[in-house]
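Take a look at the structure set out below.
Where a number appears in this text, it was derived from the coordinates with a stated rule and is not lab data. Only a predicted model underlies this, so the values are computations on that prediction, with no experimental measurement involved. Virtual Cβ from ideal backbone geometry, glycine too; neighbours counted across all protein chains shown.
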Amino acid sequence: MIMTKEEAKLKLREAQDNLRQAEVILEMHENGMREIKEDIRELKAIINKKDDWKSVEVPDEWHQLYLEKITLMADMMRFAYIKNEGWVPDWEDSYNKKWGLSINNIEGVNLDSYFNYNHFIFGIVVKSQEIAQEML
């Protein structure tokens, strides 16, 4: 049987409608697949997250920075120990200044003194402004 133009047009519209419906269903399926894959990635990230922050790997360049900071802190502690000659700060004594180095946005690293609080770099305190200047 031979199809007329009108029958062919009707069949074409039906096929195009079916194709659009299939494309919508396929898009919904692909979106659902994407969401499921994202859920799986998030769940794996939670499962694989290191619970102990100390066991997290850091970049190699950080190791050099650690070494530099540890060395600086050790040098400053030794310097303060030797120069303080047994002096230990009494933070309850609000009449005697305690000296050290601090950092701020304007001056960078500078000499500073406090009476009651230790805000110094690495918490290192010396007994005089002269010693703090030498440490700088």
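Annotations for the structure displayed:
- Filter result (crowded, with 16+ Cβ neighbours inside 10 Å and of a type outside the set (A, V, I, L, M)) within segment 114-132: Tyr114, Phe120, Lys127
Yes or no, residue by residue, for (1) in contact with a helix residue (DSSP H, G or I) (Cβ under 8 Å, 6 or more places away or on another chain); (2) in a helix (DSSP H, G or I); (3) surrounded by fewer than 10 Cβ atoms within 10 Å (Cβ to Cβ); (4) not aromatic (Phe, Trp, Tyr):
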residue: Glu14; (1), (2), (3), (4): no, yes, no, yes
residue: Ala45; (1), (2), (3), (4): no, yes, yes, yes
residue: Tyr66; (1), (2), (3), (4): no, yes, no, no
residue: Arg78; (1), (2), (3), (4): no, yes, no, yes
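- Residues (in contact with a Ser or Thr (Cβ under 7 Å, 6 or more places away or on another chain) and of a type outside the set (Val, Ile, Thr)) located in segment 95-128: Lys97, Lys98, Trp99, Asn110, Asp112, Phe115, Asn116, His119, Phe120
- Residue within segment 50-62 that is touching a strand residue (DSSP E or B) at 6+ places or on another chain (Cβ under 7 Å), assigned to a helix (DSSP H, G or I) and surrounded by 10 or more Cβ atoms within 10 Å (Cβ to Cβ) present: no
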